[in-house]
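Written out below as structure tokens is the structure these notes cover.
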Amino acid sequence: MHVTGRTRLHAARLLLAGALLLIAATFAPAQTLLERLVMPGDLIEGHAELESDCANCHVSFSEEGETALCLDCHTAVDRDITDRRGFHGRRPEVLDQDCRVCHTDHEGRDADIVQLDTAAFDHTDTDFALDGAHEILPCASCHVEGAQFRDAPTMCVDCHIEDQPHEGRLGRDCATCHAPADWTELRPFDHAATDFALVGAHQSIDCMSCHVGEIYDGLPTDCIDCHRIQDVHAGVFGEDCATCHIVEAWTEVRFDHTRDTTFTLVGAHDESGCESCHATNAYETVLATDCYACHAEDDAHAGQLGEACDTCHNPDAWSEDVAFDHDITRFPLLGLHTLVPCESCHLDATFRSADVACASCHSDDDVHEDSLPDQCETCHNPNGWEFWTFDHDTQTDFALTGAHLGLTCEACHSPNAPLEVSQDCASCHADDDVHGGRFGRTCDQCHATDSFEGARLR
């Protein structure tokens, strides 16, 4: 073939144009004619704006680099892979494959490069496994048309906002109480996870008993806040109900007065109501523990016997089995006195008003008709009024000797003035004085007490 100069010029022009096209493909930011000629097909509608520059999705001489470019745009998928969540982060094969293995583009604007088979899709590969009633729901119940599948809400309240009557008071985590099998089926709620564990009778009461109006936050936890209406003490015992009451039963009291106080309740005290002693706040008012502090009004002795009531009285009964040791008083009970009722000497309950002199009780028994002093005990003893003893030799300064021993008291002691007796002989023996008083009144100078007759010479 004959090559003319014009032919050679035309060929050179073609080569130059090809070289320019090659250089342009390397440096130009927009898609070149060559790229357009070699592009296998149109991108999908979502990528259409990237079609003007192949470098948006392709890296020269590097297929692996394409995945990095995909994730630069699809940041949400990139985070799922990094955090190992969502479909792409849970499927192990995704971590080892390039995006183009599953998502091939250049199939045209209407092409489906996701290729999701909703009928065969395993929802356990996502962050929201379908349990219970969720298993039979159609996809459209949660996945709105036109939105990405990953954008479907995962919080219960997002779908069940109209089903929950709590009006947001219980937060957004409905699964805490509700089961996915049935919305009306409630899961056991662990109240111990709150600041108030339910024990005893609290376990059997309805939630609304405490959570009126479904208010759950900021509720008080003190007993009195719920049981104030049951406080029969009207606040006298303070507000710490747990000191006495137990959670198993409000009416069962665990307070032990012996263990928890310094005053043991015995006898009638153990049967008395708390308010009998605690008329005011038991925690603010410290009560005295002596008997008189409570029983002053019951003291029939008008305070004359002191305030140690337990010396005589016992806690079983104030007026029964009164124990008193009369021997510790100024008048010990001896002889027949031990058999005499208290009322015989004590005409009233003051007791101290009783006179200890014998004559105060035995004036009717006084055969001496008050001619002798009141010291009856000088002669008489408590074993019997008639068992009297008197030692003239030791109890007077006139010993009875000789013929004086056989005399009756009346022989010397006048009933009107029994103690006004002179000790000189002449006062009794003046009629026997044959001397007519010439030798004075001291007869014992010559006569002995054995017999007045005869004389003893000195």
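The values are calculated or read from the model by the stated rules, or taken from the named source; none is laboratory data. Since the structure is predicted, the reported quantities are computational estimates derived from the model, not experimental observations. Every residue, glycine among them, receives a Cβ derived from its backbone with ideal geometry; neighbour counts consider all protein chains shown. The protein model used for the area step is the full one, side chains on, heavy atoms only, and it has no ligands, DNA or RNA in it. Shrake-Rupley method; radii C 1.70, N 1.55, O 1.52, S 1.80 Å.
Mind putting a number on the dipole of the chain about its Cα centre? Charges go on the C-beta only, +1 for Lys and Arg and -1 for Asp and Glu, and I need it in Debye to the nearest 20. Numbers along the way, then the final one.
Details: 24 positive and 87 negative charges, 701 e Å.
Around 3360 debye, computed over the chain.
What translational D, rounded to a whole number of µm²/s, comes out for the chain from Stokes-Einstein when the hydrodynamic radius is the Kirkwood one over Cα pairs, at 10 °C and 1.306 mPa s? If you can, show how the numbers build up before the last one.
Numbers: Rh = 38.2 Å.
The diffusion coefficient I find is 42 µm²/s.
Mind checking the angle between helix 5-27 and the chain's longest principal axis? C-alpha axes, 0 to 90 degrees, to the nearest 10.
0 degrees
Do the sum for the chain: with -39,500 (n - 2.57) for every DSSP H run of n ≥ 4, divided by all residues, what is the mean residue ellipticity at 222 nm, to the nearest 500 deg cm²/dmol? Please report the intermediate quantities before stating the final value.
Numbers: 15 runs with 95 residues, N = 458.
Per the formula, -5000 deg cm²/dmol.
Roughly to the nearest percent, how much of the accessible area of the stretch 207-297 is carbon and sulfur, given a 1.4 Å probe?
Values: 3630 of 6500 Å².
Here it works out to 56 percent.
Treat each spin label as a single point 7 Å out from the Cα along the C-beta direction, and report the Leu50 to Thr264 distance in nm.
9.2 nm
For labels at Ala279 and His392 in the simple 7 Å Cα→Cβ model, what's the distance in nm?
6.8 nm
Ignoring ligands, DNA and RNA, please state the percent of accessible area on the stretch 49-160 from carbon and sulfur, probe 1.4 Å.
On the way: 4140 of 7810 Å².
Carbon and sulfur together cover 53 percent of it.
Specify which residue in the list Thr350, Leu186, His413 is farthest towards the positive end of the charge dipole of the chain, using unit charges on the beta carbon of Lys, Arg (+1) and Asp, Glu (-1), about the Cα centre.
Leu186
How much area per residue is accessible in the chain when the probe is 1.4 Å and only protein heavy atoms are counted (Å²)?
Details: 33680 Å² over 458 residues.
The answer is 74 Å² per residue.
If N is the number of residues in the stretch 328-407, what value comes out of its Cα radius of gyration divided by 2.2 N^0.38 Å? The partial results should precede the final answer.
Numbers: Rg = 15.7 Å, N = 80, 2.2 N^0.38 = 11.6 Å.
Ratio of Cα Rg to 2.2 N^0.38 Å: 1.35.
Note down the relative contact order for the chain as a percent, whole number, built from C-alpha pairs under 8 angstrom at least six residues apart. Present the calculation step by step, with values, prior to reporting the outcome.
Working: 352 pairs, mean separation 25.9, N = 458.
Reported relative contact order: 6 percent.
Report, to two decimal places, the Cα Rg of the stretch 118-215 normalised by 2.2 N^0.38 Å (N = number of residues). Could the numbers behind the result be given before it?
Details: Rg = 16.9 Å, N = 98, 2.2 N^0.38 = 12.6 Å.
Against the compact-globule rule of thumb, the ratio is 1.34.
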